[in-house]
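The values are calculated or read from the model by the stated rules, or taken from the named source; none is laboratory data. All figures in this text were calculated on a predicted structure; none of them were measured in a lab. Cβ sites come from the backbone with ideal geometry, for glycine too, and all protein chains shown count toward neighbours.
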Amino acid sequence: MFPNTLRLLSKSLLGAIISVMIIASVQAQTPAEAGKVLLAIGEVKVSRGGQTIPLTKGASLQAGDGVITGVASNAQLRMSDGAVIALRAQSEFKINQYNFNGKTDGSEKAELSLVKGGVRAVTGAIGRENKDNLKINAVVATVGIRGTGFNINVCEGNCFNPDKTPVKDGLYAGVFEGKIVVKNEASVEAVGVNQYLYVADKDTAPKFILAPPNFLPDPLTGQKSAKPKGRSEASTDIPSLAVAVSAPAKAADAAVSTPTTALPTVTGVTVTQPPALASATSAFNPSQIYNEPNLGDGKPVLASSGFSYYLQKAETYPGGTPGVDGLPPHSILANSNPTSGATVLNAMKATPSASSGQTAYVTEIRLSNSYYVDPPTTPPSHVIYAIGTTAQQLDGGNLNNVVSWGRWGNGDILQIAGYNNGNPVPMPAGNGFHYIVGDRTDPTTLANYVVNNPVLYFTLLGATTPTAVGASQGAWSVTGGAMTANFASAQINGNLAMFNTQPAGYGVYNMTFTGGLSPSAASNTISTNVTKLSGSLGMCVAGCAGSGNVSFYGGGAVTPSATPAQAAGMSYNFNTGGNLVQGVAVFKR
């Protein structure tokens with residue numbers, strides 16, 4: 001019996017050893033995961049091992065993969081180092097090389113390629129410590145990444161001006177955080193925040209351009225609409241930002257039915273929309289307006305000394321030379337400031353100002369370092385403020401001296417992004433400089449907090465009146481909204497309810513927004529889409545796409561003991577077809 005038992009035991013042991021060796025061999029041959037798909041809308045595929053297969057949300061990505069998006073489609077990818085990459089329609093993006101073991105020990109490295117189309121990205125750990133370990137080959141040049149957020153687009157006969165005329169082929173690049181280095185056979189150029197570059201071909205030196213082309217900040221919200229009843233099987237493409245949205249043939253309520261169902265939800269977020277209209281001709285009378293003065297905790301737009309480390313904005317220079325999109329210079333890009341080691345004085349100062357029957361404030365924003373503390377008589381270029389008593393605080397508010405927001409207009413404003421060579425910028429009452437300024441939540445504090453609180457819910461506290469960059473498009477109001485920050489799924493979702501009146505009629509609108517989310521990011525890029533719910537206007541019936549960014553306030557260097565992320569601030573815009581509407585909103589936990 002014993003010899004037989006020994007033989008059986010030896011065979012079992014040998015089998016176990018072989019099994020372990022096979023498993024180890026299989027594991028060794030399985031490529032490491034480079035990232036996952038956060039979002040796949042429309043036709044999104046991966047080219048892998050000679051095969052092309054559809055990609056869906058949650059799918060794994062590997063080194064060697066090529067991600068391809070079709071017409072009216074887009075994708076968002078989250079890499080294993082925390083980077084978020086968004087691909088616009090008709091793009092091809094390759095992960096040539098990717099190595100990240102969870103540590104920045106010098107072994108981390110990524111080499112990517114944008115073969116065609118456009119990319120918006122916020123980088124992660126790779127490239128943060130070792131600047132040469134992350135680059136993107138973009139046909140006519142190589143883009144070196146320096147811990148940043150950027151847009152790049154390779155145009156090959158598929159990029160157009162607002163009037164649908166084609167733009168010059170080549171590489172277009174812009175930066176909204178950090179910097180990039182663009183290099184080709186002719187030259188090397190470093191591109192910083194709010195700078196834009198064009199490269200015609202690999203042998204022509206890169207050239208700076210004054211304003212981003214209209215297609216560069218594409219919000220990446222292209223999608224296919226549902227099949228119309230009684231029509232063919234083919235779906236209808238909703239155009240991206242690169243194509244002007246034409247007015248519908250039928251601009252009455254029949255084009256979009258009056259909503260009668262319960263409140264819809266967007267990825268777990270309850271959409272606060274206006275009530276359904278009683279008839280096609282009845283005017284909408286909102287129960288609450290969020291773009292008014294002195295909202296929040298009842299204080300004016302005012303903060304004590306030692307307040308702000310961060311500024312979000314939506315700005316325009318009405319007197320400026322129109323850019324390639326035919327509109328005056330404009331921007332919704334955030335501006336980062338240090339979260340520690342800086343002396344901050346009088347970050348916001350407000351004094352009452354006489355105005356025609358309304359409470360208004362002349363305000364001044366003073367931030368540290370990249371902005372300026374305690375300016376001299378002649379203000380430096382980084383101070384933004386309303387001079388004298390000409391400009392007014394038209395709407396805005398404050399929350400616990402953690403965050404303030406507002407819109408200046410109806411007068412002169414100095415030093416908005418250095419416009420007008422330091423001279424006063426006349427700002428009409430129907431336009432304005434929109435801002436959010438506050439004590440940004442410390443990234444380390446936020447990262448520790450969301451471990452036990454992975455989902456944060458916010459409701460709308462206040463907003464500025466949305467204003468058009470170009471010619472006026474009527475009067476806008478903000479009537480509701482909500483936001484969810486889901487750190488478990490690394491996603492931001494939410495909505496703003498809006499109302500617009502014009503001589504031609506009125507419209508009830510809902511803006512949904514979504515984007516990637518990281519506790520370490522100063523601002524998180526979002527895509528917006530505004531859709532008409534009801535009313536007589538033909539604007540945005542097929543959807544008006546746009547973009548923006550979200551930051552969190554409270555629990556920063558000034559208020560370290562406060563609850564992190566007491567508020568979330570959002571700056572945004574959306575394209576109404578030949579024009580942009582922009583503004584800011586603040587949400588409270």
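Some points to look at:
- Filtered by the rule that a residue be of a type in the set (A, V, I, L, M, F, W, C) and not in a strand (DSSP E or B), the stretch 150-188 gives C159, V167, A186.
- Where L461 falls short, out of the listed (1) closer than 30 Å to V37 by Cα; (2) touching a Gly at 6+ places or on another chain (Cβ under 7 Å); (3) among the hydrophobic types (A, V, I, L, M, F, W, C): (1)
- Once the stretch 60-73 is narrowed to residues that are within 23 Å of the chain's Cα centre (by Cα) and without any contact (Cβ under 8 Å) to a residue 40 or more places away in the chain, the residue that is surrounded by the most Cβ atoms within 10 Å (Cβ to Cβ) is V67.
- The stretch 190-208, residues that are buried (at least 17 other Cβ atoms within 10 Å of the Cβ) and within 25 Å of the chain's Cα centre (by Cα): V191, V193, Q195, Y196, L197, Y198, V199
- Scan of the stretch 442-461 for residues that are crowded, with 19+ Cβ neighbours inside 10 Å, out of contact with any Lys or Arg (no Cβ under 7 Å at 6 or more places or on another chain) and either under 30 Å from T479 (Cα atoms) or not assigned by TED's automatic domain parsing to the domain that holds L295 (or both), ordered by number: L446, V450, L460
- The residues of the stretch 502-536 that are aliphatic (A, V, I, L, M) and at pLDDT below 90, listed by number, are A504, A521, A522, L533.
- When residues in the stretch 308-330 are screened for being over 16 Å from the mean Cα position of the chain (by Cα), modelled with pLDDT of 85 or more and crowded, with 23+ Cβ neighbours inside 10 Å, 1 of them pass.
- Among the residues of this structure, E292 does not count as one that is modelled with pLDDT of 75 or more and buried (at least 23 other Cβ atoms within 10 Å of the Cβ).
- Of all residues in the stretch 176-198, those satisfying the criterion of being among the β-branched types (V, I, T) and within 15 Å of K135 (Cβ to Cβ) are I180, V181, V182, V188, V191.
- When the strands (runs of 3 or more DSSP E) confined to the stretch 423-535 are screened for residues that are more than 29 Å from N401 (Cβ to Cβ), those reaching at least 1 such residues are found at 425-427, 475-486, 491-502, 505-516, 524-535.
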